[in-house]
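Here the structure comes first, spelled out in structure tokens, and everything after it is commentary.
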Amino acid sequence: KWDITMALNCVLAGLVSVTAACSVIADWHAIFIGIIGALVYIGVSNLMIYARLDDPVDAVAVHGGTGLWGVLAVGIFAQPDDIKVAYPGCPNAEGNRTGLQFGIQLLGAVMIIMY
């Protein structure tokens, strides 16, 4: 069944997902990050319903779930040259070549959750 709230939240989820990575990814990566973000939103929203947790506007799913995905997406999609342009103080940026950036993003996500 069509649900305008779900559709709009999927769009918002895509925007939230790409926010962390927007300065260090190729333009076309944003499409994939946003689509995956919408799927993450649907999954987290359904998980919240299953767990019987009250979130009438799906703020946790939209901002928490897809924000977490967006942080991790930096480690997957970031390009070294784009990192160097966006952050000149990081001349040895590796982007997604060795997995180091993903590890850093994962550690950051864990710290945010723990906070």
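The values are calculated or read from the model by the stated rules, or taken from the named source; none is laboratory data. Quick caveat, the model's predicted, so the values are computed rather than measured. Cβ sites come from the backbone with ideal geometry, for glycine too, and all protein chains shown count toward neighbours. Remember, those area values only see protein heavy atoms, side chains included, never the ligands or the DNA or RNA. Shrake-Rupley method; radii C 1.70, N 1.55, O 1.52, S 1.80 Å.
Going by the structure shown, is ALA86 open to solvent by less than 70 Å² (accessible area, probe 1.4 Å) and farther than 22 Å from ILE4 by Cβ? Step through it out loud before you land on a result.
Details: open to solvent by less than 70 Å² (accessible area, probe 1.4 Å): yes; farther than 22 Å from ILE4 by Cβ: yes.
Judged against the criteria, ALA86 is a match.
Do we have any residue at all in the range 43-56 that's over 14 Å from the mean Cα position of the chain (by Cα), part of a loop (DSSP other than H, G, I, E, B) and over 27 Å from ALA7 (Cα atoms)?
no
Of all residues in the range 86-100, how many are among the small types (Gly, Ala, Ser) and without any contact (Cβ under 8 Å) to a residue 60 or more places away in the chain?
Of the residues in the range 86-100, 3 are among the small types (Gly, Ala, Ser) and without any contact (Cβ under 8 Å) to a residue 60 or more places away in the chain.
Quick check on my filter: what residues within the range 36-71 are under 30 Å from PRO88 (Cα atoms), open to solvent by 20 Å² or more (accessible area, probe 1.4 Å) and either free of Cβ contacts under 8 Å to residues at least 40 places away in the same chain or of a type in the set (A, V, I, L, M, F, W, C) (or both)?
ILE36, GLY64, LEU68, TRP69, VAL71
When you look at ILE83, is it aliphatic (A, V, I, L, M), in contact (Cβ under 8 Å) with a residue 40 or more places away in the chain and in a helix (DSSP H, G or I), yes or no? Even if it seems obvious, please write down each step before you answer.
Details: aliphatic (A, V, I, L, M): yes; in contact (Cβ under 8 Å) with a residue 40 or more places away in the chain: yes; in a helix (DSSP H, G or I): yes.
Taking the combined requirement at face value, the residue satisfies it.
Does the range 23-35 hold any residues that are in a loop (DSSP other than H, G, I, E, B) and surrounded by 16 or more Cβ atoms within 10 Å (Cβ to Cβ), and which are they? Don't jump to the end; show me each part of the working.
Filtering the range 23-35 down to residues in a loop (DSSP other than H, G, I, E, B) leaves 23-28.
Listed by number, the residues that qualify are VAL24, ILE25.
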